[in-house]
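Here's the structure we're looking at; comments come further down.
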Ligand code: GDP
């Protein structure tokens, strides 16, 4: 298909391109989603509405773990297996650190090298420099675009260091927690709540000298999981060991995800979880709309810098400043 690279693609170009699996138009539409420009977001919204009937047909997998646990190596190995079985895989990332550093650790080009060369794999790091809520919202929309483009396995990766796991959990069907053997939970910064959310735990780097420690960790985590209340899904989280380096345990994890899917599709939980996620998505959409509408409003843009300085200097209280700005916004919105 021919289209001008410099101007924005039209809604129909994007829709047709995505539905025919055109990776360039898929990427360009994701860029519209991630854009800070209101017009781009509006365009993206129209595209998403049109592709909605073609979404929903993937297995959405969330993967989290502390930096160094082996996420990218695991995804490379797991991804190659899945793609090798004829699936189309998309790897998206929610990277809470990108706001600060500007550059995303998940965007490192050397990560997932062989997978990124595979034409049936689409890897997209998060580049949005916005609030976690904003990134999560954009990732959810990106996920839908990938589904419409025919990707039937979607991985959403995040660094396990805080709130982002919850955001990921709210948009996936299966949540996989990667853990290192030998490091205490407190060292890994993994909270009990995160373990409770997991549908599966994989102890990584179960190879060489680390093998015994990995087996011990597996038993310990399995015991710990027994103490949690039964999950609504009727599925009890499983713990496995794996080595991405030696390609062991990877197949078992894929099987586990498929077993999970089968079970919860039968008992209705799969759809129930997605329905609940749709409600969360609606709220995120409202938040995002109000936030961008507010901060992009010319009246707010012109006042915000001045008022921020006044708060910094103690000339006005934070509460007064917030009231002042929201009043300006309300008046201008009513009066146009
Ligand atoms: P991430 O930060 O969670 O994405 O972790 P990486 O995938 O970048 O891996 C961190 C380090 O662990 C790298 O030096 C990898 O080579 C190493 N690593 C990853 N997977 C394995 C594994 O299965 N076995 C061993 N022994 N090392 C691994």
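Each reported figure results from applying straightforward, stated rules to the coordinates on display, with no laboratory input. Quick caveat, the model's predicted, so the values are computed rather than measured. Ideal geometry is used to build each Cβ from the backbone, glycine not excepted, and the neighbour counts take in all protein chains shown.
Summary of values
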| read-out | value |
| --- | --- |
| Rg in Å to one decimal, and Dmax rounded to a whole Å, for the chain via C-alpha atoms | 21.7, 70 |
| Gained length - residue 267 relative to residue 31, 0.36 nm times residue gap less alpha-carbon distance | 81.2 nm |
| Gained length - residue 19 relative to residue 316, 0.36 nm times residue gap less alpha-carbon distance | 101.7 nm |
| Computed helical MRE - 222 nm, the chain, DSSP H runs ≥ 4 contributing -39500 (n - 2.57), nearest 500 | -17000 deg cm²/dmol |
| C-alpha long axis of helix 71-84 to longest principal axis of the chain, angle in ° | 80 degrees |
| Between segment 204-263 and segment 35-83, the alpha-carbon center distance in angstrom | 24 Å |
| Residue-span extension gain [residue 331 to residue 306] - 0.36 nm each, minus C-alpha spacing | 7.1 nm |
| Within segment 143-298, percent of DSSP bridges classed antiparallel, to nearest 5 | 10 percent |
| Nearest-ten-degree value, helix 23-34 long axis tilted from longest Cα axis of the chain | 60 degrees |
| By average C-beta atoms within 10 angstrom, highest first, the peptides 69-79, 112-122, 223-233 | 69-79, 112-122, 223-233 |
| Ordering of 273-279, 201-207, 242-248 by packing [mean C-beta count within 10 Å, highest first] | 201-207, 242-248, 273-279 |
| Percent of beta bridges antiparallel (DSSP, the chain, rounded to nearest 5) | 5 percent |
| Mean Cβ neighbour count within 10 Å, used as a protection proxy, ranking 139-151, 297-309 highest first | 139-151, 297-309 |
| Cα long-axis angle, helix 250-266 against the chain (0 to 90 degrees, to the nearest 10) | 70 degrees |
